[in-house]
Amino acid sequence: MAKLDYLLSILWLLRSHGKMTAEQLTERLELSVRTVYRYIDTLGVSGVPIISESGHGGGL
């Protein structure tokens with residue numbers, strides 16, 4: 001899958017499922033956690049409002 005496809009998949013998953021952890025996104029998209037964080041950062045830099053909560057029970 002191309003990078004744009006992954007970015008759109010992350011957006012779709014977050015919109016349809018609400019709060020998800022990076023590990024949950026990793027399982028759904030079969031990517032590494034580091035790659036998911038990199039894509040989340042790319043979305044944030046491009047202007048997509050990404051709100052995250054750190055700690056136990058946190059998510060995007």
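Could you look through the stretch 42-51, keep only residues that are surrounded by 10 or more Cβ atoms within 10 Å (Cβ to Cβ) and outside any helix (DSSP H, G or I), and pick out the one that is nearest to the chain's Cα centre (by Cα)?
At the first step, the residues of the stretch 42-51 found to be surrounded by 10 or more Cβ atoms within 10 Å (Cβ to Cβ) are 42-44, 48, 50.
Filter once more, so that each one left must be outside any helix (DSSP H, G or I): 48, 50.
Numbers: 48: 11, 50: 9 Å.
Going through the qualifying residues, I end up with 50.
Quick check on my filter: what residues within the stretch 1-41 are of a type in the set (Ser, Thr, Tyr) and either in a loop (DSSP other than H, G, I, E, B) or more than 10 Å from the chain's Cα centre (by Cα) (or both)? It would help to see each step written out before you state the result.
Applying the first criterion (of a type in the set (Ser, Thr, Tyr)) to the stretch 1-41 yields 6, 9, 16, 21, 26, 32, 35, 37, 39.
Hits for the stretch 1-41 are 16, 21, 32.
Which one of these is of a type in the set (S, T, N, Q), open to solvent by 30 Å² or more (accessible area, probe 1.4 Å) and modelled with pLDDT of 95 or more: 32, 54? Outline the logic, then answer.
Values: 54 fails: modelled with pLDDT of 95 or more.
32 is the lone residue from the list that is of a type in the set (S, T, N, Q), open to solvent by 30 Å² or more (accessible area, probe 1.4 Å) and modelled with pLDDT of 95 or more.
Based on what the data block shows, is residue 48 of a type outside the set (Ser, Thr, Tyr) and in contact with an Asp or Glu (Cβ under 7 Å, 6 or more places away or on another chain)? Before you say what the answer is, go through the steps one by one.
Working: of a type outside the set (Ser, Thr, Tyr): yes; in contact with an Asp or Glu (Cβ under 7 Å, 6 or more places away or on another chain): no.
Here the answer is no, as residue 48 does not meet what is asked.
The values are calculated or read from the model by the stated rules, or taken from the named source; none is laboratory data. Only a predicted model underlies this, so the values are computations on that prediction, with no experimental measurement involved. Counting neighbours? That spans all protein chains shown, and the Cβs are built from the backbone with ideal geometry, glycine included. With ligands, DNA and RNA removed, areas are computed over all heavy atoms of the protein, side chains included. Shrake-Rupley method; radii C 1.70, N 1.55, O 1.52, S 1.80 Å.
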